[in-house]
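Novice: To start, I am sharing the structure in question, which I have written as structure tokens.
The values are calculated or read from the model by the stated rules, or taken from the named source; none is laboratory data. A quick note: this is a predicted structure, and the numbers were derived from the prediction, not measured. When we count neighbours, we look across all protein chains shown, and the Cβ atoms used for this are built from the backbone with ideal geometry, even at glycine.
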Amino acid sequence: MDLNTIESDDIGTAAGQPAVLSPAAKKVFIKTYGCQMNVYDSQRMTDALAADGYAATDAIGEADLVLLNTCHIREKAAEKVYSELGRIRDMKAERALAGREMLVGVAGCVAQAEGAEIIRRSPAVDLVIGPQTYHRLPDVLARVRGGEKIVETDYAIEDKFEHLPQPKRAEVIKRGVTAFLTVQEGCDKFCTFCVVPYTRGSEVSRPVAQIVAEAERLAEAGVREVTLLGQNVNAWHGRSETKGGRTEEWGLGRLLFRLAEIPGLARLRYTTSHPRDMDDELIAAHRDLPALMPYLHLPVQSGSDRILKAMNRRHTAKDYLALLDRIRTARPDIALSGDFIVGFPGETEADFEATMDLVRQVNYASAFSFKYSPRPGTPGAEMPDHVPETVKDGRLQRLQALLVKQQQDFGLSLVGSTIDTLIEKPGRQAGQKVGRSPWLQPVIVDEKAGEIGDIIQVRITKTGYNSLFAELA
Ligand code: 5AD
Ligand code: SF4
């Protein structure tokens, strides 16, 4: 996702003076790959750079600074970055001929994992900055402008969130009525296929007061729905002051109860969770909080206990199904979403069939499925019995056919029913607006059905590939 241009009133103009963009204002283009946390991080980098005099642009050709916020989760994601860097090198050369500079930076998980290797492979890159050090971006840029090439990939000791500026109110309004809010970063689970514990580091939770303050700012600017983000979001735990002056340890369930009290915030979500960290209080939040949307992304990865063990998931298929029973008892209309990996080393046809069986038992409303891709430095990459690519292809096709059918059936089951929809933005076609169902599907309605930010009741008339069509109920 590319970010939009910042309005002139967001650039530090002195009080009382007209908010005019200086003709010399520098422009930054940020391209975001991968997960929602990268989308959130790109927004925070945009905010940090706005304080440094940079206006965001979505036209790469006019950028004085190009930042790629990268993803390292699968091999393809990293390779895309290197080919994009090839194109950017040519643009940088063209701009240099016109006497203009274009600084090039790589941020995100590829930056963290590859470090100086990126500058070796792509000499057009001026800076490499890991996810823990974004608050240092203005300082790093000052040094780059002084002629240095910088690789900044330490796990910073200071809390980056305390140092990153909050977005201006006008910027929050421009970003829309739904927002992401990172509450937790990093992961201590060490699933054997996954690079996250190495790129994002060990689990760190933001304190309660910081999260509540950020959510209140978002709500005051008109945000109606907040999605709490973390690589392992339900492992979030934070200290909070009680009225009596003592401190208490909170889990994610307790935090959700607190956030639901914020006026204006009508909808809460969180992602991504690990089955081992779904505790009683979080399940109770699904039972008791109408604002907590009945949709849960709870990856299982495989339905085979042998493969789950090799993946170091620390749960069995039966544990996962029993957990879903408890969650569905608490919130019967909850829709489940998951992630799956096919072709993990050693996966036999029988192991794969166990995954298919589990999918049939759960009945997912949506899901993401991937072929296993060995990541250097992870234990999985060193395991014997890698599965041939053609076998992975065949299994992925079979799994995806089943998951797509379940997703479509879920959409069809809603036809004729009346549901709440949060109106989010104008539609792609004239005369339409796009809303969001409680289960995350886009809902296409007539533009007169409501204003952006309204939550309206609509009747579902038909389904599209991934969306629902509706009329006012
Ligand atoms: N190969 C394939 N898929 C992976 N994922 C994570 N690491 C890998 C890998 N090495 C998938 C998992 C995870 C999702 C974000 O990406 O399913 O939940
Ligand atoms: Fe990666 Fe998620 Fe496993 Fe953590 S819990 S290692 S982020 S797959």
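Novice: Determine which single condition residue 80 fails, assuming it passes every other condition in (1) closer than 24 Å to residue 180 by Cα; (2) of a type in the set (D, E, K, R); (3) in a helix (DSSP H, G or I).
Specialist: For residue 80, the exception is condition (1).
Novice: Having 1 or more residues that are within 16 Å of ligand 1 (Cβ to nearest atom), free of Cβ contacts under 8 Å to residues at least 24 places away in the same chain and not small (Gly, Ala, Ser) is the bar; report the helices (runs of 4 or more DSSP H) wholly within segment 297-397 that clear it. Working first, answer last.
Specialist: On the way: elements: 305-310, 317-330, 349-362, 379-382.
So the answer is 305-310, 379-382.
Novice: Now a separate question. Checking the structure you have, find out if any residue of segment 55-63 is modelled with pLDDT of 95 or more, among the hydroxyl-bearing types (Ser, Thr, Tyr), under 17 Å from residue 229 (Cβ atoms) and within 24 Å of the chain's Cα centre (by Cα).
Specialist: Checking segment 55-63: not a single residue is modelled with pLDDT of 95 or more, among the hydroxyl-bearing types (Ser, Thr, Tyr), under 17 Å from residue 229 (Cβ atoms) and within 24 Å of the chain's Cα centre (by Cα).
Novice: Every residue in segment 331-340 that is surrounded by fewer than 16 Cβ atoms within 10 Å (Cβ to Cβ) and over 16 Å from residue 272 (Cβ atoms), please.
Specialist: Answer for segment 331-340, where residues must be surrounded by fewer than 16 Cβ atoms within 10 Å (Cβ to Cβ) and over 16 Å from residue 272 (Cβ atoms): 332, 333.
Novice: Please go through segment 351-382 and give me each residue that is under 16 Å from residue 410 (Cα atoms), away from ligand 2 (no atom under 16 Å from the Cβ) and crowded, with 16+ Cβ neighbours inside 10 Å, ordered by number.
Specialist: 359, 362, 364, 365, 366
Novice: Just give me the residues in segment 432-473 being of a type in the set (Asp, Glu) and out of contact with any Asp or Glu (no Cβ under 9 Å at 6 or more places or on another chain), in sequence order.
Specialist: 447, 451, 454 - these are the residues of segment 432-473 that are of a type in the set (Asp, Glu) and out of contact with any Asp or Glu (no Cβ under 9 Å at 6 or more places or on another chain).
Novice: Find the residue count for segment 29-51, including only residues that are among the charged types (D, E, K, R) and either within 11 Å of the chain's Cα centre (by Cα) or assigned by TED's automatic domain parsing to the domain that holds residue 271 (or both).
Specialist: Of the residues in segment 29-51, 1 are among the charged types (D, E, K, R) and either within 11 Å of the chain's Cα centre (by Cα) or assigned by TED's automatic domain parsing to the domain that holds residue 271 (or both).
Novice: Which residues, taken from segment 177-202, are away from ligand 1 (no atom under 16 Å from the Cβ), at pLDDT below 95 and touching a strand residue (DSSP E or B) at 6+ places or on another chain (Cβ under 9 Å)?
Specialist: Selection gives 201 alone.
Novice: Quick one: residue 96 ticks every box in (1) surrounded by 14 or more Cβ atoms within 10 Å (Cβ to Cβ); (2) outside any strand (DSSP E or B) except a single one, so which number is it?
Specialist: Failing condition for residue 96: (1).
Novice: Grab the strands (runs of 3 or more DSSP E) fully contained in segment 175-284, keeping just those with 1 or more residues being out of contact with any Pro (no Cβ under 9 Å at 6 or more places or on another chain) and within 13 Å of ligand 2 (Cβ to nearest atom).
Specialist: Result: 225-229, 267-271.
Novice: Next question. Which pairs have Cβ atoms under 9 Å, sit 6 or more apart or on different chains, and link a residue in segment 214-234 that is free of Cβ contacts under 8 Å to residues at least 12 places away in the same chain to one that is in a loop (DSSP other than H, G, I, E, B) and among the charged types (D, E, K, R)?
Specialist: none
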